[in-house]
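Single-structure report; data block below.
The values are calculated or read from the model by the stated rules, or taken from the named source; none is laboratory data. Note that the structure is predicted; figures quoted are calculated from it, not measured. Here the Cβ positions follow ideal geometry from the backbone for every residue, glycine too, while neighbour counts run over all protein chains shown.
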């Protein structure tokens, strides 16, 4: 009985693996595209090319800072997801070196604004701790 | 006898009080006007406004009124103040009826502080127009006595144009750095406010010849030093560098993903 079933289960495993790979690849590319969108937004807002602030409206200044922080954090978050899946497809684990590299590339986007820099730093550290805690041991 | 002594004491006390109050009376009529000095190009102090060089163009005129008494409507004058690194410049222009005397003077009395009380005015720069020529003199004031300062610090010039009216123009340059000042000049220090009295008269006798006056307050601004590099260019360079690095690495990462897809397809086939 098992002699007849073996090729089917092997094929099923192969198909499952292929489906997993396709899913991982799709996640890699979609996350990378999303990270790219946030990188462009970060260039526009954190590079001070676009601003929503006019006059001395404090609420707009707060909203502007929150938007800049969120853009950096989301760039880091999606890049981490994309890189994690990419590494999985290549069969290698994500190292601390990769995370630190992404962290630096994210945080330097806020170099023109001390407030955004401070809060982005806190946000990125929080995400790193979160990702570290949820990973399988 | 005792009563008499007491009366004398009272009279002495009252009279000394009156004298003291006279001494501390402001020498101008009305409250001092706050003027904001603006940094600009140094004008040529010659009594003429050179429009080709856009002299005095950086700042708007302030209307001031030289008054003989607090109830007087006053003589309207147009006033400008410009500052550069070492000098504070004043421009004063006013018109008089053609029947009036074409001679006269403008005196800038300088207080050693922002106080407008008489005893604090220690320096005077005076331009006197006489028979269409002008003279500039620097005076030292001690207890309302004007003494000619042997070292003339600053510059002044004046001109009268006789047309339908008498059009007077006065220009002054007051040093704000120690290089051009001596002990008998008020040192106009940066970031300090000083009171100035602008007085007008005909006969160059001081202070008796002063007819009308007004007071202004000006804070001497510290010149802004230019940074050794262009901050805007530095910021732009930083933004371009940061996002270029990010962009190049992101592009390389996308390229690696595309390569990976091909690799996966090759393995699967």
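Structure notes:
- Residue A:49 vs. criteria free of Cβ contacts under 8 Å to residues at least 60 places away in the same chain, outside any helix (DSSP H, G or I) and touching a helix residue (DSSP H, G or I) at 6+ places or on another chain (Cβ under 9 Å): yes
- Flag if residue A:51 is surrounded by 17 or more Cβ atoms within 10 Å (Cβ to Cβ) and either at pLDDT 90 or above or out of contact with any strand residue (DSSP E or B) (no Cβ under 8 Å at 6 or more places or on another chain) (or both): no
- Scanning the range A:95-115 for residues that are within 13 Å of another protein chain (Cβ to nearest Cβ), in contact with a helix residue (DSSP H, G or I) (Cβ under 7 Å, 6 or more places away or on another chain) and in a helix (DSSP H, G or I) turns up A:98, A:102, A:103, A:105, A:106, A:107, A:108, A:109, A:110.
- When residues of the range A:25-47 are limited to those that are within 7 Å of chain B (Cβ to nearest Cβ) and over 14 Å from the mean Cα position of the chain (by Cα), the one surrounded by the most Cβ atoms within 10 Å (Cβ to Cβ): A:43
- Some residue of the range A:58-66 being on the phi < 0 side of the Ramachandran plot, more than 11 Å from chain B (Cβ to nearest Cβ) and in contact (Cβ under 8 Å) with a residue 40 or more places away in the chain: yes
- Test set (1) more than 10 Å from chain B (Cβ to nearest Cβ); (2) surrounded by 12 or more Cβ atoms within 10 Å (Cβ to Cβ); (3) at pLDDT below 95 - residue A:92 fails condition number: (2)
- Qualifying residue in the range B:181-188 (condition: exposed (fewer than 13 other Cβ atoms within 10 Å of the Cβ), farther than 30 Å from residue A:75 by Cβ, at pLDDT 85 or above and more than 14 Å from every other protein chain (Cβ to nearest Cβ)): no
- Residue match in the range B:157-173 (condition: assigned to a strand (DSSP E or B) and either within 20 Å of residue B:120 (Cβ to Cβ) or at pLDDT below 85 (or both)): yes
- Scanning the range B:191-231 for residues that are surrounded by 18 or more Cβ atoms within 10 Å (Cβ to Cβ), part of a strand (DSSP E or B) and over 18 Å from the mean Cα position of the chain (by Cα) yields a total of 3.
- Candidate set from the range B:115-132 (those that are within 15 Å of residue B:204 (Cα to Cα) and in contact with a strand residue (DSSP E or B) (Cβ under 9 Å, 6 or more places away or on another chain)); member that is surrounded by the fewest Cβ atoms within 10 Å (Cβ to Cβ): B:132
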